[in-house]
Structure formats: C-alpha cells, structure tokens
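Here's the structure, in structure tokens; my notes come after.
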Amino acid sequence: MGNLIILGAQWGDEGKGKLVDVLAKRFDIVVRYQGGHNAGHTVFIGEKKFVLKLIPTGILRPGKLAVIGNGLVIDPAALLSEIDMLTAEGIEVSGRLFLSNRAHVLLPVHRTMEKVFEARRPIGTTSRGIGPCYEDKTARRGIRMAELLDRDGFRAKYDALMAEKMAIGAALGVNEYADVAAIREQYEAFAERIKPMVCDTAMLLRRAMRDGKAVMFEGAQGTLLDIDHGTYPFVTSSSASAGGACTGAGVPPTSIGSVVGVAKAYITRVGGGPFPTEALDGAGERIRQRGNEFGSVTGRPRRCGWFDIPLTLYSAAVNGIDTLVITKLDVLDEFDNVPVCVAYRRGGAEVRDIPATIAEMEQLEPVYECLPGWKASIFGMTSYDQLPARAKEYLAFLESRAGVEIGCISTGPERSQTIIKPGSHFEKLLG
Ligand code: GDP
Ligand code: IMO
Ligand code: MG
C-alpha cells in the first residue's frame, strides 16, 4: 500500500472524515498536516457518531497510529478535551497519538485577536483563533510545542508575546484580555499532560515509511480554502492542498503515491466569499435539509449549490488528484433535475482560468447543463451495480467533464455505506 493524501476538493466538509475512516484499516498511520480544531470530521460507526477536530480520524481504528504534524496549530485545551472524549468512549489514545514538537501552540489571545479582526473585516471564520496563530507562526513570533514543554523558555516567550499583543490590542481599542498569568499557569499544566505525546513526528514518519509502513495524510478544510490556491481572502490560513502534506508533515513529495480528492455530489461552503453555483432558491434549502448541511464545528447553516466542473478541474490540477470520491450522492435522490455547472462566462466570453480576485470571481456566470434525476433511494447502497442508470449517468458525466476517475461513491454517513467502483484505479490501490 503506497502513501496517500485524502483531501477536500471543494470548500471543506466533503466527507473526508468518513472516507479516511473507511480507508484507515489499510494504513498503519494517519497524519493531519494542517489546520487545527477548525476542522470537524464526522464518522459514524453504526449508530455512534464521532466528530474529530484535531486528532486524525485514524484514531478510531484500533492499532493504528495517529500523528498531528508540524503544520498544525494546536489548542491544548481542545486537544485534551478531544482525548478525554475518545477515552470516555473506550478508545485507547495513549501510545497511539503523537504530536509534532514543531507544531504551533494556539493561545486564548489568538481567539481575542480573531474577534477583533472579524469585526473589522469579516471572513466568517470558525472563531477558534486559527488565523492569528498562523499569523504568529509566519511572523516568527509563535510558540512551538517543544517550547511549551520547556518551562522557563515558555514563560519568557509567552510573556513577551503577550506584552506585544496587549500593545497591539491597546492600539485597536481592545482591553479585555484574560488573566495573562493564569493562562500561563494553565498552559504549564497542559504541557505536563501533553509531554509524553510530543516528538519529532517528521522523523517518526520518515522512519516508518522506510520500514515499509503505509501512511495516509488526512487533509482538513478544502482546496478552495487553501491560503494560496483558495478564494483568498475568504480562505483558512493553512495549506489544505496536496503540497501542504509535505511541508505540514515533513515528508518528501516523492514519498506520496496517490492523491484522492473528496467532493460532494453538489457543493457547499460555510462563511463568506464567492460561490458561483450557490443555489439561493428553494433547491439550496432542499439540499441543506436533505444533506443536513449544518457545520459540524459551529452549527452554522452551510451555503449549498450545484456541482462545479471548472472548480473541480482546478482542484484536480492543483493537487494532482488521481481519484475522485463523490460523497452524499443520496442527498440528490429526490430531485427531478440536477444542474451541473460546466463552464463560466463573464460578459459573454468563456472564462477558462479561475480568477485570482474576489471581484472577478463574483462576476462569473455559471453555465449549467441539467441532468435528469434518478428519483429513487440509493441511500446505503454498497455496490455500483445497484445504482439506478441515471445516477450512473450523473457520475459518468462528472467523471468525463472533470477528467478524473471516480473510484468511490458514498451513499450514506456510515462506514459501510460506500461503493468502491469495480475495476477502478482506486480499487487496485486498495488491493
Ligand atoms: P469533513 O469535514 O470533510 O469530514 O465532512 P463533515 O463531517 O464536516 O461533513 C460531512 C457530513 O456528511 C457529515 O455529517 C457526515 O456524517 C455526512 N456524510 C458523509 N458522507 C455521506 C453520504 O454519503 N451521505 C450522507 N447522507 N451523509 C454523508
Ligand atoms: P473541515 O476540515 C468548512 C472555513 C470557515 C471560514 C474560513 C476561515 O471540517 O472540512 P478559519 O476558522 O479556518 O480561519 O475560517 O474557512 N472553514 C471551514 N469550512 N470545513 C472546514 O473544515 C473549515 N475550516 C474552516 O467557515 O469560511
Ligand atoms: Mg467538516
């Protein structure tokens, strides 16, 4: 089994968590390479629901190792509460979860700063402090896990950072900071609990690969939320696309065998920003209700729209996607017709490249082709042959226009509600 990246091909919430869980049994290690607890990856095991935010989904498979790579920002409080949740569910975490000594530490002040900046320039963030923590990382003033563990070093770095934050806050009219010393002490206590899990995870991964272990990289967010390749500035602050797996885990590009892109049979986004195929009519609301499109982290209603071929082509190109997984096909079961955006126009002319500015993105006029709905329940189907002819035609249409093989189709939230396409590259990949 080669090493594989699973990532979101859209604006997040594509069903990555479910897919990673389905595939995790074939891998030895599952690694998160970017983001933080802004992610919400849902997995159903029978009736039991898990929402993982920071810990790789692979933790749910007994015996597998889970790694939080250097590319993440870690809120220790969020991490520890997730560990407690898993432990309470009878999932053994100890000895199976490793945190990078180079990952950055997210502090309460990052949430404070986010509130300030959201009030000035709203993005519609998850309010977890993710952006400001990455800001500190890039500005070379952040605190890494290794420094959190060094008590004296942490104290000095933290106090200096807080002095700066308070000066910036004062200039912006913010004066409500949590008790600086109390937070420091709280983090010192977190450090004691976290210590046994912290190591050089990049080295751990490279050694494991050398020893023939199979590694899966679990993307969070999605390509269109990537800091470089997404709909900037309405993006997250990390590299969610395939390149991020190498920098965020510390492994060479040549170690990656395959890139799997997960896309819904339609598309959603949470928060602000351009969305060419957004269905602002009743259809969007129908998708939201049928697909239960409410954020797994913030509970916000997700904006819903139609599958977008130009964006899929872009995502496939940015990531080198060799297999597309289509999730939530069952959500479209009752539609008479299913529009698919096949191209964009602006002022009468076809637009081939995805524009780099929001102003241009907002001028795009989607060109739709309407496919007939299958009007039958495919919920829970496990074999490709069971699918109605029109559902197969819909998939074949997406595949031919996107130019990427669809190797897997998800027909429900549960692990077992999954179709592996017979004869696909993906089937061979899984052995
Ligand atoms: P992620 O962030 O990419 O892991 O996706 P989320 O977990 O945030 O959102 C996907 C939602 O859709 C979750 O509630 C899943 O349980 C659910 N889901 C995943 N695949 C399917 C599917 O094929 N059909 C249906 N109906 N729900 C699905
Ligand atoms: P998963 O991994 C969907 C969105 C937020 C906001 C923007 C920036 O579950 O797919 P941030 O808090 O990251 O600075 O917010 O990114 N966003 C997500 N949308 N799924 C996610 O994660 C997201 N993580 C962040 O809604 O628009
Ligand atoms: Mg999610």
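The values are calculated or read from the model by the stated rules, or taken from the named source; none is laboratory data. These figures come from a predicted structure and were not determined experimentally. A quick note on method: Cβ atoms are made from the backbone with ideal geometry, for glycine too, and the neighbour counts reach across all protein chains shown. Each accessible area value is taken on the protein alone, full model and side chains, heavy atoms only, with ligands, DNA and RNA left out. Shrake-Rupley method; radii C 1.70, N 1.55, O 1.52, S 1.80 Å.
What about N70, is it under 24 Å from G271 (Cα atoms), part of a loop (DSSP other than H, G, I, E, B) and touching a residue at least 60 places away in the same chain (Cβ under 8 Å)?
Numbers: under 24 Å from G271 (Cα atoms): no; part of a loop (DSSP other than H, G, I, E, B): yes; touching a residue at least 60 places away in the same chain (Cβ under 8 Å): yes.
No: the conditions fail for N70.
If I ask for residues that are small (G, A, S) and either more than 14 Å from ligand 2 (Cβ to nearest atom) or at pLDDT below 95 (or both), which ones from segment 1-34 would you list?
As a first pass, look at segment 1-34 and keep what is small (G, A, S): 2, 8-9, 12, 15, 17, 24.
Those that are small (G, A, S) and either more than 14 Å from ligand 2 (Cβ to nearest atom) or at pLDDT below 95 (or both): G2, A24.
What's the total number of residues in segment 243-285 that are within 19 Å of D21 (Cα to Cα) and within 16 Å of ligand 1 (Cβ to nearest atom)?
The qualifying residues number 7.
For segment 331-431, give me every one of the helices (runs of 4 or more DSSP H) that falls completely inside it and has 3 or more residues that are closer than 23 Å to K18 by Cα and of a type in the set (A, V, I, L, M, F, W, C). Please lay out each step first, then the result.
Working: elements: 358-362, 389-402, 425-430.
Correct list: 389-402, 425-430.
Looking at the structure I just gave you, is M197 within 16 Å of ligand 2 (Cβ to nearest atom), within 22 Å of S94 (Cα to Cα) and in contact (Cβ under 8 Å) with a residue 40 or more places away in the chain?
Working: within 16 Å of ligand 2 (Cβ to nearest atom): no; within 22 Å of S94 (Cα to Cα): yes; in contact (Cβ under 8 Å) with a residue 40 or more places away in the chain: yes.
Criteria not met by M197.
Looking at (1) more than 16 Å from L225 (Cβ to Cβ); (2) open to solvent by less than 10 Å² (accessible area, probe 1.4 Å); (3) within 12 Å of ligand 3 (Cβ to nearest atom); (4) not basic (K, R), which one does F27 not meet, given that it meets all the others?
For F27, the failing item is (3).
Is there a residue being within 16 Å of E14 (Cβ to Cβ) and either crowded, with 19+ Cβ neighbours inside 10 Å or more than 16 Å from ligand 3 (Cβ to nearest atom) (or both) anywhere in segment 335-347? Give the derivation first.
Here is the first cut: in segment 335-347, the residues within 16 Å of E14 (Cβ to Cβ) are none.
No, segment 335-347 contains no residue that is within 16 Å of E14 (Cβ to Cβ) and either crowded, with 19+ Cβ neighbours inside 10 Å or more than 16 Å from ligand 3 (Cβ to nearest atom) (or both).
When the residues of segment 35-63 are narrowed to those that are closer than 17 Å to F98 by Cβ and touching a Lys or Arg at 6+ places or on another chain (Cβ under 7 Å), which ends up nearest to ligand 2 (Cβ to nearest atom)?
Filtering first and then ranking leaves G36.
For segment 268-294, give me each residue that is touching a strand residue (DSSP E or B) at 6+ places or on another chain (Cβ under 8 Å) and within 14 Å of ligand 3 (Cβ to nearest atom).
Passing the criteria: T268, R269, V270, G291, E293, F294.
Within the group G12, G63, G2, which residue is surrounded by fewer than 24 Cβ atoms within 10 Å (Cβ to Cβ), in a loop (DSSP other than H, G, I, E, B) and on the phi > 0 side of the Ramachandran plot? If you could, list the steps in order and put the result at the bottom.
Details: G12 fails: surrounded by fewer than 24 Cβ atoms within 10 Å (Cβ to Cβ); G2 fails: on the phi > 0 side of the Ramachandran plot.
Exactly one residue qualifies, and that residue is G63.
In segment 34-48, which residues are within 16 Å of ligand 3 (Cβ to nearest atom) and either under 29 Å from I123 (Cα atoms) or not in a strand (DSSP E or B) (or both)? Working first, answer last.
Filtering segment 34-48 for residues within 16 Å of ligand 3 (Cβ to nearest atom) gives 34-44.
Result: Q34, G35, G36, H37, N38, A39, G40, H41, T42, V43.
When you scan segment 268-310, how many residues do you find that are away from ligand 2 (no atom under 12 Å from the Cβ) and part of a loop (DSSP other than H, G, I, E, B)? Please lay out each step first, then the result.
Residues of segment 268-310 away from ligand 2 (no atom under 12 Å from the Cβ): 276-292, 304-310.
In the following step, the residues that additionally are part of a loop (DSSP other than H, G, I, E, B) were identified as 276-277, 279-281, 291-292, 306-307.
Adding up the residues that qualify gives 9.
Kindly indicate the residue of segment 101-142 that is hydroxyl-bearing (S, T, Y) and under 18 Å from the mean Cα position of the chain (by Cα) and also nearest to ligand 1 (Cβ to nearest atom) among those meeting that condition.
Residues of segment 101-142 hydroxyl-bearing (S, T, Y): 112, 125-127, 134, 138.
Within this subset, residues satisfying the condition of being under 18 Å from the mean Cα position of the chain (by Cα) are 125-127, 134.
Numbers: T125: 16, T126: 12, S127: 17, Y134: 19 Å.
In this case the residue turns out to be T126.
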